[in-house]
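Quick notes on the structure that follows.
Every read-out reported here was derived from the displayed coordinates using simple, explicitly stated rules and does not represent laboratory data. Note that the structure is predicted; figures quoted are calculated from it, not measured. Virtual Cβ from ideal backbone geometry, glycine too; neighbours counted across all protein chains shown.
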Amino acid sequence: MMTTTHSAGAAAGERLKRAREASGVSLADLSARTRLSVHVLETLESGAWERLGPPVFVRGQARGYARALGICVDDEALPSPFTTTQIPTLVSHAHVPRYRYMAEQLARRAVYAVLTVALVVPVWLATRSNHGDSAPPVESLDVAPSQAQVVETPARTPMVASLAPIASAAQSATPLRIEVAGDSWVQLFGSDGSVVEKGLMHAGDARDVQPGEISRLVLGNASSVQVTLHGQPVDLTPYIRANVARFTLSSDGSLAPSAP
């Protein structure tokens, strides 16, 4: 399987190289056009495409190379996204530790209790003070209506206390969500630049990313990926190069393009 892939890559790489040389375009100029490094372009031309990583990325890079020169590359000459011999398991690290979950639950209940006391006690005191007032005097029925003293009782405004708990910051925070309609290779990097997760997401898979835990994302086959942030869809067009989306995610949830 690897020999066939290398032979197909060598043939396609030679074709790309001849097309570039015929067009009089240098590797440096082509690198500026495609935003691919000169090393990647040289590896594509040599045909040793297995050195460039997962096939789903290599296909996008080869298409970007060909598109910059105005030529077409047959899909049969490109490595299949299913030729990888081992697909890393995509392990979720976004779970909430049990101690943190218990702390949030206790904090939420404490807030609920404080709000209940703060709203109910004033209502109870106001009701008690009103009930403690002396009753209005009772006039004798023998007194003529003109001589009777009319006692007006002040109207009482009803007080309504809301006991609904206030949503905590952890509940209101909406993570960045990744959903794929087709197979897509995903790489997630931490704030220190280390690879936190990488793997192949299949059609129909979804992944939640919490701002602050992940600082940079690389999404292969970006045309089949949908990203939402705070419940709103994100336009990946500004971050896509050769059908690969690269962008950073700040702790406040803002996105910015990322270099290859």
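On the beta carbon distance between Ala203 and Cys72, with R0 = 30 Å, the FRET formula returns roughly 0.70.
Spin-label model, Ser191 to Ser224: label points 7 Å out along the Cα-to-beta-carbon direction sit 3.4 nm apart. Counted by Cβ distance under 14 Å from Leu69, the other residues give a net charge of +3, where Lys and Arg count +1 and Asp and Glu count -1. Annotation: amide H of Ser215 within the under-5 Å range of Phe189, Gly190, Ser191, sequence separation 5 or more or interchain, hydrogens built in the peptide plane. Modelled spin labels at Glu42 and Ser251, positioned 7 Å past Cα toward Cβ, are 4.1 nm from each other.
Rounded to the nearest Hz, the phi-derived 3J(HN,Hα) couplings of the range 48-59 under the Karplus curve 6.51 cos²θ - 1.76 cosθ + 1.60 (θ = phi - 60°) are 8, 6, 5, 7, 8, x, x, x, 5, 6, 5, 4, where x marks glycine and proline.
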